[in-house]
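Single-structure report; data block below.
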Amino acid sequence: MTSPTDTTQRSATISVLVDNEAGVLARVIGLFSGRGYNIDSLTVAPVDEEHLRSRINIVTSGTSMVIEQIKAQLDRLVPVHRVADLTMDGPHVARELALVKVICTGEQRVEALQIGDTFRARVVDTTLGSFVFELTGATDKIDAFIDLMRNLGLAEVSRSGIAALARGSRVI
Amino acid sequence: MAAELTQTGAEILLRALRDQGVEVIFGYPGGAVLPIYDALFQQNSIRHILVRHEQAAVHAAEGYARSTGRVGCVLVTSGPGATNAVTGLVDALMDSIPIVCLTGQVPTHLIGNDAFQEADTTGITRPATKHNYLVKRPEDLARVVHEAFYVASHGRPGPVVIDLPKDIVINKAPYTEPTVQHPSYRPRTEPDASQIAKAIALLKGAKRPIIYAGGGVINAGPEASALLTQFAHITGFPITNTLMGLGSYPASDPQFLGMLGMHGTYEANLAMHGCDAMLAIGARFDDRITGRLDAFSQGSTKIHIDIDGSSINKNVAVDIPIVADAGKALEALLVAWKASDAPVDKPALANWWRQIDVWRGKDSLKFTQDMKRGGIIKPQYAIQRLYEITRARKQETFITTEVGQHQMWAAQHYRFEQPNRWMTSGGLGTMGYGLPSAMGVQIAHPDALVIDIAGEASILMNIQEMGTLAQYRLPVKVFILNNQYMGMVRQWQELLHGSRYSETYSAALPDFVKLADAFHATGMRAQSVDELDDVIHAMIDCPTAVIADIAVDQAENCFPMIPSGAAHNEMLLGPEHEASGAGITDAGLALV
């Protein structure tokens, strides 16, 4: 039961299966900005060539009542086929990819490489003065890696935002 | 091997419109839609009504749709044609009116080039519509038109825009027949049986029940209104209507408590506040209804029936949500009520009605009209007489309004017995809505009496449509309650801003009698109470369009009123009553 007086904020990972048509992403984003909902992360890509469907994964936060609203508002958009709240519907896996550029020399280079190893990051580009690490994992793992790199010459970060699926045999 | 294409996009478009049952289009031509106008010229089955401004085209289509239950159709050109239509589209979105609006667009190869009269119409109208389309391939055209009508009229109705690049309507295109179903959009209309059972269990045991019905009942068709009346009668429960729901329940019925909300009756609001079981049907707990949310009907268990799942638990948490068409849900409720052998608490219900009768005794809509010769006309009295005279004449009557005090007085004092007779801008509150809307109603009902109850400020927002009335000989009656103020804003300034009437005096008003004359209509004026009835009769008898300029009391305020930020039991009653209600809080001052 949702209550308007319950002000506890929760994070929700919502997956939306949509028709892969022009403007569908703008429609979803416009819904969030127009109604004042948060977007913490957003990814979108075609996932079903045969039926021309794309999947949008959104990480948002709000009170339970707001998150229920977000789902209901998404669900009534015409090109939306399915809306799933992965956070509420059961366990799920969520991963993102990050490319992290570190500019450093000497001791710091060795340190950065060792930490990269610990995080199972791959070096996908290197020069004498820089690395680009590729790292996948849960959001907090990537946050932790970036935090550690701050003192080791962190220069630039590019993150994909999360891709998420329910665990087990459940599908959207 | 595909058949040879013989028809242009414009011809395909009109064929699709005909197959969707379109008989009338409200529109305004321009460069990007020239091929469509050329195709219109060469056929006779679809009638085009030339408006004087694109906003009015959409409002006219809204009036047409609301008075017939059909989809209203609009055709405007690119750029300014489309942007002018936006206010009408948002109005239709807020009030859930089915509209298909065709907008011209520059040819596909020029899109994005800042071409002459180019605007990003799908971008601009995305949040202004239920859905919109840009047709980029000729083979999509017919399918998109069929889909648009399906989307506009199914589920919670709303406006749909189809943006049509000029090359798409010039080039040859194939035709596809309408299909029954949309590939993905299939709103739920049947209620969940277990939820209906829970609702009936709650209602059977209710001691202080109320039915709160809104525009969703009207959108569900006249059968839904008939079912609502049956359900209220079989239960014996009191019932109140929202502004949008007026007419879904006969106002003359003794179980009707009148409209609720900010300017609703004392008995309707106090019954909402004090009920123990609330049945909300096709209504959305709008801020004009609830007043202060944390004080809204706290002691009640709530059932909410709505075809739009996102309306449920949006503002007010409900206990028994039912996503369904209002008519289908009412049908299920009726069956389940009859089938249930659970007893009704008759003594409690009788007590509840005794309490409601005490509240009714307040007579919260009371006003005092000075009947002496030369007496100033009270606006409420003008509407009361308009109602009594039109009712006595037994002619089918449709009422539209502009927005403001006159609108609220019309909602309070004009009493509707049937659905689809009352057209007002509820959600968006669009001044200038009433005249074009009345135009659309009159097109759909050529022999009916169609009256726009207006204010002198609102009417000027779409006054150019007097020209359309003249061109098509539409005998719409514009009944202006002229208090020379933007009355509702003036009222708020009086109550909230120390009577500092900042920019709300209607200075330099036109002479409305001469204005009517200039537009080939008939102008008339009532200055005092003794002239009122004669003017109303003359207005109704006049074969042409009429502007009746009724000079009313400038100082009159619209009561009762729940001030912003106040609760239902903190209503302000009028000067006829003893001091009442709460003051306005700082938090309330920030609300609209």
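Helix A:24-34 and the long axis of chain A differ in direction by around 80°, with both axes built from C-alpha atoms. Here the calculated FRET efficiency for A:ASP6 and B:ALA295, from their Cβ-Cβ distance with R0 = 22 Å, stands at 0.80, rounded to the nearest 0.05. Counting Cβ atoms of other protein chains within 10 Å of each Cβ in B:121-133 and taking the mean gives 3.
Per residue, the convex hull around the alpha carbon atoms of segment B:321-425 comes to 201 Å³. When the alpha carbon gyration tensor of segment B:9-170 is reduced to an equivalent ellipsoid, its three semi-axes come out at 21, 17, 15 angstrom, largest first.
Please work out the FRET efficiency for the pair B:GLU417 and A:GLU49, using the Cβ-Cβ distance as r and a Förster radius of 56 Å; give the result to the nearest 0.05. The value I calculate is 0.50.
Listed cross-link partners B:LYS207/B:LYS366; B:LYS130/B:LYS362; B:LYS198/B:LYS346 are compared with a 31 Å cut-off, the Cα-Cα value being larger for B:LYS130/B:LYS362. Net charge dipole, the protein assembly as shown: roughly 980 debye, given to the nearest 20, about the Cα centre with Cβ charges of +1 for Lys and Arg and -1 for Asp and Glu. In whole percents, the pair-distance distribution calculated for segment A:93-165 from its alpha-carbon pairs, binned every 5 Å from zero, is 4, 18, 32, 25, 12, 6, 3, 1, 0. Using the alpha-carbon positions of the protein assembly as shown, Rg (one decimal) and Dmax (whole number) come out as 29.3, 102 Å. By the count of other C-beta atoms within 10 Å, a proxy for reagent exposure, B:MET571, B:MET262 are ordered fewest to most as B:MET262, B:MET571. Distance between the C-alpha centres of segment A:55-82 and segment B:296-352: 26 Å, rounded to the whole angstrom. Computed from the C-beta positions of B:LEU5 and B:GLU190, the FRET efficiency with R₀ = 41 Å rounds to 0.50. Return the inverse of the average 1/r over all pairs of distinct C-alpha atoms in segment B:378-452, which is the Kirkwood hydrodynamic radius, in Å to one decimal. 12.5 Å is the Kirkwood radius here. Set Lys and Arg Cβ to +1 and Asp and Glu Cβ to -1, take the dipole of the protein assembly as shown about its Cα centre, and tell me which of B:LEU102, A:MET88, B:LEU591 lies farthest positive. Selected residue: A:MET88. Between B:ASP533 and B:ALA226, residue separation times 0.36 nm minus the direct Cα-Cα distance comes to 107.2 nm. Counting only the Cα atoms, segment A:1-124 fills a convex hull of 174 Å³ per residue.
Here's the picture: charge each Lys and Arg Cβ at +1 and each Asp and Glu Cβ at -1 in the protein assembly as shown, and of A:ASN38, B:LEU164, B:TYR212 the one pushed furthest to the positive end of that dipole is B:TYR212.
Charging the Cβ of each Asp and Glu at -1 and of each Lys and Arg at +1, and nothing else, the dipole of segment B:9-170 about its Cα centre rounds to 360 debye. Shape analysis of chain B places it in the oblate category; the axes a ≥ b ≥ c from the Cα gyration tensor give an a/c of at least 1.5, with a/b not above b/c.
Take the Cα of A:LEU97, go 7 Å toward its beta carbon, and the backbone nitrogen atoms of segment A:124-144 under 20 Å from that spot belong to A:124-126, A:131-144.
Close amide H partners of B:HIS48, meaning residues 5 or more places away or on another chain with modelled amide H under 5 Å apart, are B:ILE25. Could you name the lysines whose alpha carbon sits less than 25 Å from that of A:LYS141, not counting residues in the same chain fewer than 8 places away? Correct list for A:LYS141: A:LYS101.
Taking a Cβ cut-off of under 13 Å around A:ILE67, the surrounding Lys, Arg, Asp and Glu residues balance to a net charge of -2, with basic ones at +1 and acidic ones at -1.
Quick check: from the Cα gyration tensor, does segment B:192-260 come out rounded (a/c under 1.5), prolate or oblate? Cα axes put segment B:192-260 in the oblate bin. Free of any trypsin sites (Lys or Arg not before Pro) that DSSP assigns to a loop and that have at most 16 other C-beta atoms within 10 Å, the longest stretch within chain A is A:36-119.
Under the simplified labelling scheme, the B:ASP114-B:ALA197 pair shows an inter-label distance of 6.6 nm, with each label point 7 Å from Cα along Cα→Cβ. Rg/Rh for segment B:379-551 stands at 0.95; both radii use Cα atoms, and Rh follows the Kirkwood definition.
In chain B, the DSSP beta bridges split such that about 5 percent are antiparallel, to the nearest 5. Fewest neighbouring Cβ atoms within 10 Å first, the residues B:ASP287, B:ASP114 line up as B:ASP114, B:ASP287.
For segment B:193-360, what does the alpha-carbon gyration tensor say about shape, rounded, prolate or oblate, given a ≥ b ≥ c as the root eigenvalues, a/c under 1.5 as rounded, and a/b over b/c as prolate? In terms of gyration-tensor shape, rounded. Each of B:TYR133, B:TYR150 was scored by other Cβ atoms within 10 Å of its Cβ. Arranged with the fewest first, they read B:TYR150, B:TYR133.
On C-alpha positions alone, give me the angle between the axis of helix B:346-360 and the longest principal axis of chain B, in degrees, nearest 10. Around 80 degrees separate the two axes.
Over segment A:9-90, calculate the relative contact order: mean separation of alpha carbon pairs under 8 Å at least 6 apart, over the residue count, as a percent. Once divided by the residue count of segment A:9-90, the mean separation gives 46 percent. By DSSP, the beta bridges lying fully in the protein assembly as shown are antiparallel in about 40 percent of cases.
Each value in this text was obtained by applying a stated rule to the coordinates, not by laboratory testing. Since we're looking at a predicted model, the values are computed, not measured. Please note: Cβ atoms are built from the backbone with ideal geometry, for glycine as well, and neighbour counts cover all protein chains shown.
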